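The values are calculated or read from the model by the stated rules, or taken from the named source; none is laboratory data. Since the structure is predicted, the reported quantities are computational estimates derived from the model, not experimental observations. Methodologically, a virtual Cβ is constructed for each residue, glycine included, from the backbone with ideal geometry; neighbour enumeration extends over all protein chains shown.
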Amino acid sequence: MPGAEGATAQAQIRGDAMSDQLTPEQTCRKALAVLDEVEKAVVGKRAALELVLLGVLAGGHVLIEDLPGLGKTLMARSFATALGLDFTRIQFTPDLLPSDVTGAPFYDQRGGDMVFRPGPVFTQLLLADEINRTPPKTQAALLEAMGEGQVSVDGKSHQLDPAFVVLATDNPIEYEGTYALPEAQLDRFLLRVRMGYLPPSDEAAMLLRRLDRKAERVELAQIVDAEQLLAMRTSLESVEVSADVVDYVVALVNATRAATQVQVGASPRGGLALVQLARARAALSGRDYVIPEDVKAIAVPALAHRITLRPELWVRRVSADEVVASLLTATATPRTLPRQQDAAGAAAAGTGAGGSAGGASDTPSPARSNPGPAQKPAGAHR
C-alpha cells in the first residue's frame, strides 16, 4: 500500500504531539518524516526540499525560481499533502485582478447587505504559480497577506489562517509578457530556492518509478497537520543562538550593504530571516543550538534575492548568488565549539581560567566561540 509507511510515521509522530510543547528533537523527527514522504514524489532534490521545509518551519514564504518542467508545482502540492494543509493554487496571468486574489465584497440580495467573499488567498498553503506573469498591481495584492497575515478590504481587516504560507513559482527565462517582482515583494520571501536539472542517474530513477507505479500521480500520506506544524514552528523558539552567531549574522548583512558590487544591500528583514532559518536548520539537524555552519548553509538562499547589483554586473553576467557566496568567504567565521569539546578543552587547560570554564561546564552554553560566561544565548536578551 502506497501510504502504509506514511501512516506508520504519522502514528509515531502523533505520539510526540500529545503535549502542547514540542522539543527541537521531536520537530526533527516530524520534519524528516515529511521530507521522506515528499521525496516519494519529487526525486533527487533532497537539498531543495530541505530548503523549502526550512522556510515553512520558520514561518516564512518561499520563492521557487527555475525552468519549466522541473517539478516546482509538484513540490508545492506534495508539501501541502504531507503537511496536512488546505491547498489552493492561483495561476497568475496578465488579466488577473487583485480582487481575484484577495476576494471582494458583493451585494447579498437576500439580506440587502454587502458581504465579503474571501478569495483564494484564504487558505493554508497557497501556490502562486508563475507569479511574475501578472502585473505589479495584482502582485501587490499579496504584500499585506505575506507580511502581516491579513487582508484589508473596504477598511476592514480579515485575518488569514495562522499556518498560512505562500509557495510562489517564477520562470526566469521568459521576459515577454512577464513583470519582474519589485524589491518590496522579493523581500517578503524568506528565501529563494532553485531546483536545477536531475543528474542522469536520478532522472532514470524517476522514470523507473513512473513505470513501476503504473499511474501518473503519486499517492502521498499526510504526516502532520496544521496544528502540529504550528507547534513545530513554536519549538524553534527554544533553539538557542549565541552572541557570536548573532554578530556573524550582522556582519554578513552589513557586508551586503558595504560591497562595491551591490547597489542596495539586504534589509534588517534579511538578518531576521538568517536567524530563523538557521534555527530551523539546527532543529532539522537534531540540535537545540545554532552553529555558524547553519548560517552559511542558508545565507545564499536567504540573502541573494534581497540585494540589487550594480547595472554593470549584469553585462559581466555576475549573479547575486555569486556575490553573496564571495561575501561569505570574505567574512570571518566565529569558532564555535560543541558542548563536549568545549568542556574537554576547559578540563585539559587545568589553569585558573580552566576552573572558570569548568564551572561553565555544569551548565554548558550550546554554542560558544570561546569558553567563558560572555557566551550568552541571544534569545535570553533579544
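In table form, for the structure just shown:
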| item | result |
| --- | --- |
| Test result for LEU220, of a type in the set (A, V, I, L, M) and over 28 Å from LEU160 (Cα atoms) | no |
| So ALA226, is it within 23 Å of GLY84 (Cα to Cα), of a type outside the set (S, T, N, Q) and in the same structural domain as ALA82 (by TED's automatic domain parsing) | yes |
| Residue match in segment 73-90 (condition: surrounded by 23 or more Cβ atoms within 10 Å (Cβ to Cβ), under 20 Å from VAL42 (Cβ atoms) and modelled with pLDDT under 95) | yes |
| Any hit, segment 101-124, residues being assigned to a helix (DSSP H, G or I), touching a residue at least 12 places away in the same chain (Cβ under 8 Å) and small (Gly, Ala, Ser) | no |
| Test set (1) assigned to a loop (DSSP other than H, G, I, E, B); (2) exposed (fewer than 15 other Cβ atoms within 10 Å of the Cβ); (3) modelled with pLDDT of 90 or more - ARG335 fails condition number | (3) |
| Candidates ALA332, ALA278, ALA243, ALA231 - the one that is more than 24 Å from PRO182 (Cβ to Cβ), in the same structural domain as GLY55 (by TED's automatic domain parsing) and in contact (Cβ under 8 Å) with a residue 24 or more places away in the chain | ALA231 |
| In segment 262-302, the residues that are closer than 19 Å to VAL323 by Cβ, in a helix (DSSP H, G or I) and touching a Ser or Thr at 6+ places or on another chain (Cβ under 6 Å) | none |
| Check on PRO24, at pLDDT 90 or above and within 26 Å of PRO136 (Cα to Cα) | no |
| Qualifying residue in segment 113-127 (condition: assigned by TED's automatic domain parsing to the domain that holds ALA31, touching a helix residue (DSSP H, G or I) at 6+ places or on another chain (Cβ under 7 Å), under 22 Å from ILE64 (Cβ atoms) and among the polar types (S, T, N, Q)) | yes |
| Residue in segment 194-202 that is under 26 Å from MET146 (Cα atoms) and touching a strand residue (DSSP E or B) at 6+ places or on another chain (Cβ under 9 Å) present | yes |
| Some residue of segment 34-41 being surrounded by fewer than 23 Cβ atoms within 10 Å (Cβ to Cβ), farther than 19 Å from VAL218 by Cβ and acidic (Asp, Glu) | no |
| Contacts under 6 angstrom Cβ, first residue in segment 23-46 being in the same structural domain as LEU229 (by TED's automatic domain parsing) and closer than 22 Å to ARG287 by Cβ, partner outside any helix (DSSP H, G or I) and among the aliphatic types (A, V, I, L, M), 6 or more apart | PRO24/VAL239; LYS30/VAL224; ALA33/ILE223; VAL34/ILE223 |
